[in-house]
Every structure is written in C-alpha cells, then in structure tokens.
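K.L.:
Have a look at the structure that comes next, please.
Every number in this text was worked out from the coordinates using simple rules, so none of it is lab data. Keep in mind that what you see is a predicted model, and the values were worked out from it rather than measured. Heads up, the Cβs are rebuilt from the backbone with ideal geometry, glycines too, and the neighbour counts pull from every protein chain shown.
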Amino acid sequence: MKNPSQKKSQTRNLVVIGTLVLLVSFIAFRLYANKKEINERSEAVPKGITAMPVKVASAELRTLDKSLRFTGSFEARKTLPLIAEAQGSITQLNIREGQSVSRGLVVARIDPTAVQSNLATATASYNNAVKNKERYERLVEAGAISQKQYEDVALNVENARASLTSIQQQMKYTVVHSPMSGIIGEVKVEQGSFATMGMQLGTVVDISSLKMVLKVPEEDVIKLKKGQPVSIQTDVYPDHTFQGKVTLISVQADAGRKYDVEVEVKNTSAFSLKAGMFGTAALDAQTGDQGEKLFIPRKAIVGSIKDAQVFVLGANNQVALRKVEVQNASGENVIVLNGLTPNEKVITTGQINLQEGQTVRVVD
C-alpha cells in the first residue's frame, strides 16, 4: 500500500507529462497551420513573377553602312627646329611666335667676333703656306731640294686650305636662316642670351597642309586604303566640309590595339586650320560587302566574338542557348553570318545568370 508521499509524487509526474503532451500538440498544430498558410500564399502568387526578367532585341536586316567616323586632332605636316651652329651671344633676333617666315630668312645673328679672329689667323696661315709652296716649286725645279721636301710643303697648303674652309663655314653659321617657309611655332631664346652649338632657338612649322591623326580599331583599319578620300567636319567651321586623303596607315598597333591613320588636309586662308584643333573624319569602308546584313546588338553575345553564343527567346518565353557566327561591325552591333534568322529575338540584358530552357519575363 502506497504512502501519501508516493501518491503525491505520482500525481506530480502525471501533471508534467500531461503538460508536455499539450505543449507538443500545440507546437505541431502551429507548424501545420503555418505551412498551410505559406502554401496558400504561394498558390496565390502568379507563377510568372518568379521568371527571370530580361530585355530582348530582334535580329534585323539592314543595309550595310559603309561610312566610318573617327575623331582626331590636326597636326602640322612638318615641323623643323631653328638650330644655332655657332657659339656666342645672340646679337639679333628677328622672329616672334606666330610670325610668317620664308625659306632663307635671317632669323638670328650670333656674335662673330671670336670666329672673325680665327678667320683672320687661318687666312694668314693659308697665304703663307701658298707663298712657301711657290718658293719650294722653284727650288725643286733647280734641284736644290728633294721632291719629298716639296710634297711636305704642298701638303701644308692643303691643310691650311681645309682649316680656312672650316672657319669660313663657321662664319656663315653665325647667321641663322629659316630652313623652310612657314609659321614660327615657338621662340626659346631672347636677344642677348648666349647660344651654344646645337642649341634650339625655336621652331618653324609648315601648315600649308595639315595632317589629321586618327586612332582606328583593328576591325576597321583593314577597311581603309592609302589614298582614299576623306570628308572632315570641324566645330570651328561647322558649315564647311574639308576634303583630305589617307596618306599613312600604321602597321603597328598601340597598347589599346588601335592604329594611327594620317589624313592630309590642305589649308586655306578662307578656312584656316591650326595645329591642335579637332575634327571628325568620315571615310567609306573599302570592302566588297554590299546589300543587306543581319544585325544584333553586340551586348547580346555570350562569350567572345570568335566563339559567340546568344540566348534566343522561344515559345512560352523559354530561352535556348545557340551558337552563332558573327563578325565585327562598327558601333554597338555585330553582323550575324550564321545561326539566326530575321526577327528572332535575342536576350540583351539579364543573360548572365540564364540557363538553357529557363523561363524568362520580358521587360521594357
């Protein structure tokens, strides 16, 4: 027979167990209710909302635009330095920046005092050598000296003549002439400053014609030819079109894989261009491609141009990854050679996370 304390303990255990059973039942009921609510909400949401949002573009037939446009800056066709070839103080400076000069114009004079002194000495030495040679000619004819002695004296004359010629040339160098007709680009010295041999006094530029330097990408440079005509527009003369021609196509690309293309443009007084101005050059691609071509946006390409793929929008808004053959075209589009037909839609935005057969939602 159980004592009262045992009965009390047994009752307490039954209460605890009952409480736990009720608690577990309540939790299970709440979980079931929550799951049912979640399922009901999921069923209430349209399935299309979960589709990947994308943007599309149609493959379009267009007439191939053969016009290529590039911006570039004008540069002087030729720039030559004005070099001092004598040493001394600049006693006369006849140029200023922007001044027109003709070939042979005296642009500067250098103090000739030191050269004049050397010239006088060299002239006297040469005259003495000539007189000495004449005297030795008479002596060798009389047999008073040997032929070898005469030849040594004759050699002295040649040496004296060479020295005199050199100093005479130095005297000419004290006068600096413009090597060509043009415009003085810059003046680097002042009258009274000291010039050394090889010092650059300034520059003269020939702007009777200018060259426009274009940076052309590799896919376009192969479409250009030397000698082809070029039309050029500038901001400074918006109503005038300049005509030029391609004179140089570089064979070496720069670090950005672009090639220098030089265009020669004749300068006129009516529409005078200056080095440093900018313009836009229009050239026709020198290719045999004619007629209509199939174009898609370049950004639709998945992978590289050489191994290109695109996501094509199909029935029920499902996408298919398709291999295509394309070639570069100028601007934001590429030409499709194989793999697509006109009006097929390709994904242009949102294709990074797409997979074959996935359903998408087209957005504007």
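K.L.:
Compute the length gained on full extension between S89 and E137: take 0.36 nm times their separation in residues and subtract their Cα-Cα distance, giving the result in nm to one decimal. Intermediate results must be reported in sequence, preceding the final value.
P.N.:
Values: separation 48, 0.36 × 48 = 17.28 nm, distance 4.48 nm.
Answer, rounded to one decimal: 12.8 nm.
K.L.:
Just to confirm the filter: which trypsin sites (Lys or Arg not before Pro) across the stretch 194-281 are DSSP coil and have at most 15 other Cβ within 10 angstrom of their Cβ?
P.N.:
Working: sites: K211, K215, K223, K225, K226, K245, R257, K258, K266, K274; in loops: K223, K225, K226, R257, K274.
The qualifying sites are K225, K226, R257, K274.
K.L.:
Let me ask you something else. Given K131/K172; K188/K258; K293/K323; K78/K223, which pairs have Cα atoms separated by over 24 Å? Write out the running numbers ahead of the final one.
P.N.:
On the way: K131/K172 27 Å; K188/K258 35 Å; K293/K323 18 Å; K78/K223 27 Å.
Over 24 Å apart, Cα to Cα: K131/K172; K188/K258; K78/K223.
K.L.:
Using the structure shown, select from K245/K274; K66/K306; K211/K306; K215/K299; K225/K306 the pairs with a Cα to Cα distance greater than 28 angstrom.
P.N.:
Numbers: K245/K274 18 Å; K66/K306 22 Å; K211/K306 35 Å; K215/K299 23 Å; K225/K306 25 Å.
Going by Cα-Cα distance, K211/K306 fall outside the 28 Å limit.
K.L.:
Taking R0 as 35 Å, what FRET efficiency do you get between A162 and L105 from their Cβ-Cβ distance, rounded to the nearest 0.05? Intermediate results must be reported in sequence, preceding the final value.
P.N.:
Working: r = 31 Å, r/R0 = 0.88.
The calculated FRET efficiency here is 0.70.
K.L.:
Still on this model: Per 0.36 nm of contour for each residue apart, how much would the distance between A320 and S117 grow if the chain were fully extended, relative to their Cα-Cα spacing? Mind dumping the intermediate values first?
P.N.:
Working: separation 203, 0.36 × 203 = 73.08 nm, distance 9.29 nm.
Gain in length upon complete extension: 63.8 nm.
K.L.:
Here is a further query. What's the extension gain from R361 to L61 if we count 0.36 nm per residue and subtract their Cα-Cα distance? Intermediate results must be reported in sequence, preceding the final value.
P.N.:
Details: separation 300, 0.36 × 300 = 108.00 nm, distance 2.54 nm.
Full extension of this stretch gives 105.5 nm more.
K.L.:
Go through the stretch 97-107 residue by residue and turn each phi into a ³J(HN,Hα) via Karplus (6.51, -1.76, 1.60, θ = phi - 60°); whole Hz please, and just put x for glycine and proline.
P.N.:
4, x, 6, 7, 9, 9, 4, x, 4, 6, 9
K.L.:
Right, next: Modelled label-to-label distance, T341 and K78, 7 Å Cα→beta-carbon offset: nm?
P.N.:
6.3
K.L.:
Which residues does the label zone of S304 cover in the stretch 195-235, counting backbone N under 18 Å from a point 7 Å along Cα→Cβ?
P.N.:
Under 18 Å, as judged by backbone N against the label point of S304, lie 218-220 of the stretch 195-235.
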